[in-house]
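Remarks on the structure that follows.
The values are calculated or read from the model by the stated rules, or taken from the named source; none is laboratory data. Keep in mind that what you see is a predicted model, and the values were worked out from it rather than measured. Glycine gets a Cβ as well: all are built from the backbone with ideal geometry, and neighbour counts include every protein chain shown.
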Amino acid sequence: MNGCVCCDSSTDLIDRLMELTKDQSLTHIIIEATGIAQPLDIYSACLFPDLTDRLAVPTIIGVADAQGLLTTDEYSQDMSRLMSDQLAASHFIIINKTDLVEDDHLKHIDHLLSYSNTFAPRVYTSYGQVDLAQIEPVEHPEGTANESYKKSHLGINSLVYTFTGPVHRQLFYQFILKLPSNVLRLKGYMRFRDMPETTYFFQYASGMPSYEIVEREASLTLVLIGEELDINRLRNQLDMLQFT
């Protein structure tokens, strides 16, 4: 791959994941992003609708330098915001190089992190020594069509919903327009009852929906990603679309 996986090369990442998941012997895929990557974009790529039946929900592991966390006021506003976004999106946070700071400073770091992410477990370590058993994966529960999955104690969570057939077009448009502000991403394939043979690929980000017609067969699956999503409420709304 060439370029940034969370920007211009996100399509390359999806294609590469599609290729890798053909290997049935693989049990884990690790994506090591740069320090200036937006993890939510990589998370979204891993939950691309064509991959939801191949990959479990991704686990985002944030690694922070203990000394760096104490000097965030020395960074630019954009860099400080990026660091905050990275920590907020993490499901598990490792604070490394703790041997280089005083115990009182570690307490201050813990206090700072409680503002960025109140959900993610934190491990303090030196030299990157972490017991992998401490890292709890975001599990993909058993199930078939029309399933959802989540990790309720995480700030960033997701819902995957598979429709069994076309839905009412206007009701779907109303659902999109009324999405709560904590829905950060939506993408997936849809069919509508007025044109049941036509498949649309929908995307939604920053409050703006877009769609295109695709000329291939695809599972009618929607993926929603956001901050502390009310999974049950969203699933009920999608059930109403499915059965109305």
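Structural remarks
- Single residue of segment 195-244 satisfying the filter (small (Gly, Ala, Ser) and under 30 Å from PHE119 (Cα atoms)) that is surrounded by the most Cβ atoms within 10 Å (Cβ to Cβ): GLY226
- Here LEU132 clears all of (1) at pLDDT below 85; (2) crowded, with 16+ Cβ neighbours inside 10 Å except the condition numbered (2).
- All conditions but one from (1) in a strand (DSSP E or B); (2) more than 21 Å from the chain's Cα centre (by Cα); (3) basic (Lys, Arg) apply to ARG185; the one that does not is (2).
- Sole exception among (1) surrounded by 14 or more Cβ atoms within 10 Å (Cβ to Cβ); (2) of a type outside the set (Ser, Thr, Tyr); (3) at pLDDT below 90 for PRO137, by number: (1)
- SER90 being within 17 Å of the chain's Cα centre (by Cα) and crowded, with 16+ Cβ neighbours inside 10 Å: yes
- Residue in segment 220-243 that is touching a helix residue (DSSP H, G or I) at 6+ places or on another chain (Cβ under 9 Å) and among the acidic types (Asp, Glu) present: yes
- Close Cβ contacts (under 8 Å, 6 or more residues apart or on different chains) running from residues in segment 169-194 that are surrounded by fewer than 17 Cβ atoms within 10 Å (Cβ to Cβ) to residues that are assigned to a loop (DSSP other than H, G, I, E, B) and of a type in the set (Val, Ile, Thr) comprise LEU171/THR244.
- Taking residues in segment 222-240 that are closer than 11 Å to LEU184 by Cβ, and partners anywhere that are basic (Lys, Arg), the pairs with Cβ atoms closer than 9 Å and at least 6 places apart or on different chains are LEU224/ARG185; LEU224/LYS187; ILE225/ARG185; ILE225/LYS187; GLY226/ARG185; LEU229/LYS150.
- Segment 140-171, residues that are within 16 Å of THR221 (Cα to Cα), at pLDDT below 50 and touching a strand residue (DSSP E or B) at 6+ places or on another chain (Cβ under 8 Å): ALA145, ASN146, GLU147, SER148, TYR149, LYS150
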